[in-house]
Structures are given as C-alpha cells and as structure tokens.
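Colleague: A single structure is presented below for examination.
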Amino acid sequence: MPLAFGPHYKNFQEAVDLISMGGAVSITDQKELAEWYRMLRDVDTEYHLASRRCREYVEKGRGATQKILARL
C-alpha cells in the first residue's frame, strides 16, 4: 500500500528509502494529501506501482533481524 509521510521524515531511514523508491511521498498540507489521494484513486497504475515498490522494500528487508542476531 502506498504511504504518505509528513515533512519531518528524514530521521527515519525507511521513510527516506520508500520516498526515494517511489513507494511513498512527503506531504506538507491537506491540499497535497487530497491531490495525492485523488491521483492514486484515479490512476490505477500509479497505485499499483507504488504498492509494488513498498512490497519489494518490505520483502528485501525480510529476515534482517535474524541476520543481525546471527552475526552477534
């Protein structure tokens, strides 16, 4: 599912990554939020593309905790 973050997201690597991949956007006001939502609702390919990018990001990170614990 596509994600939206407020403008203060840069301390969160996941948010930075998802925005750079196109799975998420940074929204600064209600107007931007409404425009983004309308675009996702009206342009089916945009919704599916952003959703796929989010899913790929999550799947890429799957198992990270086990890998870190194994190295400890």
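The values are calculated or read from the model by the stated rules, or taken from the named source; none is laboratory data. Please read all numbers here as calculations on a predicted model, not as lab measurements. Every residue, glycine among them, receives a Cβ derived from its backbone with ideal geometry; neighbour counts consider all protein chains shown. Ligands, DNA and RNA are stripped out before the accessible areas are found, and what is left, the full protein with its side chains, is counted by its heavy atoms. Shrake-Rupley method; radii C 1.70, N 1.55, O 1.52, S 1.80 Å.
Colleague: Of all residues in the stretch 21-48 being in a helix (DSSP H, G or I) and over 15 Å from residue 4 (Cβ atoms), which is modelled with the lowest pLDDT?
Modeller: Taking the stretch 21-48 and keeping what is in a helix (DSSP H, G or I), we get 21, 30-42, 44-48.
With over 15 Å from residue 4 (Cβ atoms) added as a condition, the list becomes 42, 44-45, 48.
On the way: 42: 94, 44: 88, 45: 94, 48: 96.
Filtering the stretch 21-48 for residues that are in a helix (DSSP H, G or I) and over 15 Å from residue 4 (Cβ atoms), the one modelled with the lowest pLDDT comes out as 44.
Colleague: Quick one: which of 58, 16, 43 is on the phi < 0 side of the Ramachandran plot, open to solvent by 70 Å² or more (accessible area, probe 1.4 Å) and of a type in the set (Val, Ile, Thr)?
Modeller: Working: 16 fails: open to solvent by 70 Å² or more (accessible area, probe 1.4 Å); 43 fails: open to solvent by 70 Å² or more (accessible area, probe 1.4 Å).
Of the residues listed, the single one that is on the phi < 0 side of the Ramachandran plot, open to solvent by 70 Å² or more (accessible area, probe 1.4 Å) and of a type in the set (Val, Ile, Thr) is 58.
Colleague: May I ask you to list the residues in the stretch 11-29 that are under 16 Å from residue 60 (Cβ atoms) and of a type in the set (Ser, Thr, Tyr)?
Modeller: Initially, the stretch 11-29 is screened for residues under 16 Å from residue 60 (Cβ atoms), giving 13-24.
The one that is under 16 Å from residue 60 (Cβ atoms) and of a type in the set (Ser, Thr, Tyr): 20.
Colleague: Of all residues in the stretch 16-38, count the ones that are in contact with a strand residue (DSSP E or B) (Cβ under 7 Å, 6 or more places away or on another chain) and under 13 Å from residue 53 (Cβ atoms). Let's see the steps before the verdict.
Modeller: Within the stretch 16-38, the subset in contact with a strand residue (DSSP E or B) (Cβ under 7 Å, 6 or more places away or on another chain) is 18-19, 23-27, 33, 36.
Subset that is under 13 Å from residue 53 (Cβ atoms): 18-19, 23-25.
Within the stretch 16-38, residues that are in contact with a strand residue (DSSP E or B) (Cβ under 7 Å, 6 or more places away or on another chain) and under 13 Å from residue 53 (Cβ atoms) number 5.
Colleague: While we're here: Report, ordered by the first and then the second residue, all pairs with beta carbons closer than 9 Å, sequence separation of six or more or different chains, a first member in the stretch 1-17 that is within 28 Å of residue 44 (Cβ to Cβ) and of a type in the set (A, V, I, L, M), and a second member that is open to solvent by 100 Å² or more (accessible area, probe 1.4 Å) and assigned to a loop (DSSP other than H, G, I, E, B).
Modeller: Cβ pairs passing all conditions: 16/10.
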